[in-house]
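Structure first, commentary second.
Coordinate-derived values only; no laboratory data. All values derive from a computational prediction rather than experimental measurement. Cβ: placed from backbone, ideal geometry, glycine included. Neighbour counts: every protein chain shown.
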Amino acid sequence: MTVQQYSTRLLCGNRVLDLARPQVMGILNVTPDSFSDGGRFHQRDAALRHAAAMVAAGASLIDVGGESTRPGALQVSAGEELERVAPVVEAIAAEIDVIISVDTSCPQVMRESARLGAGMINDVRSLRREGALQAAAQSGLPVCLMHMQGEPESMQKNPYYDDLLAEVQAFFSARMAACAVAGIAAERIILDPGFGFAKNLQHNLSLFKHMQVLHGFARPLLVGVSRKSMIGQVLGREVDQRLAGGLALAALAVAKGVRILRVHDVAETVDLIRMIAAVEAAQ
């Protein structure tokens with residue numbers, strides 16, 4: 001297990017996330033077109049029920065997303081994304097004791113979600129949209145920066161790297177520097193290697209194998225591989241048959257020092273973390 005190089009207490013709005021142990025982030029897509037559960041939790045009440053179920057199963061964070069970022073996905077307008085996300089964030093904040101993460105690249109959504117009670121910003125574009133750095137800085141919330149080349153609609157069209165690990169590290173160095181200039185301290189940053197985003201299967205496998213190099217940034221790592229195509233490509237499984245592969249990767253991620261696992265299958269992942277913890281605590 002990797003030795004921690006950062007504070008184990010991350011202030012997320014009015015709540016604190018304990019990073020002394022791995023935590024589970026439950027995925028709540030309020031979109032009609034996400035690759036795994038698109039449309040299922042589009043309505044406010046259904047979304048609230050699902051969030052409550054994930055928290056009951058052991059999720060410490062709920063990641064609310066109003067814009068699909070699956071390969072080939074088209075961008076939605078700020079107004080449409082806000083209409084999807086804001087009522088759900090407001091309802092969860094009012095009714096459930098959990099840290100709300102908002103999966104967005106949109107400055108307007110960041111601002112309004114923070115006002116309504118969100119505790120974290122999770123941006124697949126690493127605050128590269130105009131105004132996003134400023135909105136995130138003003139929110140005072142932690143920010144998850146994810147590695148990606150290009151945009152979701154085009155990112156899987158022949159992704160290429162001369163040196164994958166070096167380029168991912170250079171990307172994070174540049175984004176963390178941009179955050180510092182904007183007033184976002186390193187202590188507020190979480191890093192996500194971006195599995196499945198502008199990476200082919202070999203890129204994903206190699207980055208996962210060598211992921212511990214990212215501990216050089218001394219920031220917590222978040223990993224989201226739940227039900228993704230890298231599992232399907234290796235195992236020949238459809239989306240609804242990828243749990244075993246996802247749990248294998250989750251266990252590997254924990255062994256590599258990852259602190260937040262972003263998943264669809266919360267109960268199973270919580271059991272995995274508890275089992276690892278029991279073994280590690282044994283005499």
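Tell me, what HN-Hα J-couplings in whole Hz come from the Karplus equation 6.51 cos²θ - 1.76 cosθ + 1.60 at θ = phi - 60° for each residue of the range 43-52, using x for Gly and Pro?
7, 3, 5, 5, 5, 5, 4, 5, 4, 4
Taking H placed 1.01 Å from N in the peptide plane, check which residues at least 5 places from Arg227 or on another chain put their amide H under 5 Å from its amide H.
Here the answer is Gly246, since their amide H atoms fall under 5 Å of that of Arg227.
For the chain, state the average projected area of the convex hull of the C-alpha atoms over all orientations, rounded to one decimal in nm².
Average of the hull's projected areas for the chain equals 13.6 nm².
Which cross-chain or sequence-distant (5 or more) residues have an amide H under 5 Å from the amide H of Gln23, H modelled 1.01 Å from N in plane?
Ile260, Leu261
Relative to the present Cα-Cα distance, how much length would full extension add between Asp163 and Ala255 at 0.36 nm per residue of separation?
Extra length available between Asp163 and Ala255 comes to 30.7 nm.
Using a simple charge model, +1 on the beta-carbon of Lys and Arg, -1 on the beta-carbon of Asp and Glu, nothing else, what dipole does the chain show about its Cα centre, in debye to the nearest 20?
In total the dipole reaches around 520 debye.
Name the residue farthest towards the positive end of the dipole of the chain from the options Ala218, Gly245, Gly150, assuming +1 on Cβ of Lys and Arg, -1 on Cβ of Asp and Glu, about the Cα centre.
Ala218
Which of rounded, prolate, oblate describes the range 65-145, given a ≥ b ≥ c as roots of the alpha-carbon gyration tensor eigenvalues and a/c under 1.5 marking rounded, otherwise prolate only if a/b is larger than b/c?
It comes out oblate by the Cα gyration axes.
Enumerate the amide H contacts of Cys12 below 5 Å, restricted to partners 5 or more residues apart or on another chain; note that Pro and chain-start residues carry no placed amide H.
Hits under the 5 Å cutoff: Leu17.
Sort the range 15-157 into rounded, prolate or oblate with this rule: let a ≥ b ≥ c be the square roots of the eigenvalues of the Cα gyration tensor; rounded if a/c is under 1.5, and if a/c is not under 1.5, prolate when a/b is larger than b/c, oblate otherwise.
Here the range 15-157 falls in the rounded category.
Go ahead and estimate [θ] at 222 nm for the chain from helices alone: -39,500 (n - 2.57) per DSSP H run with n ≥ 4, summed, over the residue count, rounded to 500.
Result for the chain: -12500 deg cm²/dmol, rounded to the nearest 500.
What list of ³J(HN,Hα) values in whole Hz, one per residue of the range 90-97 in order, does the Karplus curve 6.51 cos²θ - 1.76 cosθ + 1.60 (θ = phi - 60°) give from phi, with Gly and Pro shown as x?
Coupling constants for the range 90-97: 4, 5, 5, 4, 7, 10, 10, 8 Hz.
So what J values fall out for the range 180-192 if you push phi through Karplus, 6.51 cos²θ - 1.76 cosθ + 1.60 with θ = phi - 60°, rounded to Hz, Gly and Pro as x?
With coefficients 6.51, -1.76 and 1.60, one gets 4, 4, 7, x, 9, 5, 4, 5, 9, 9, 10, 10, 10 Hz.
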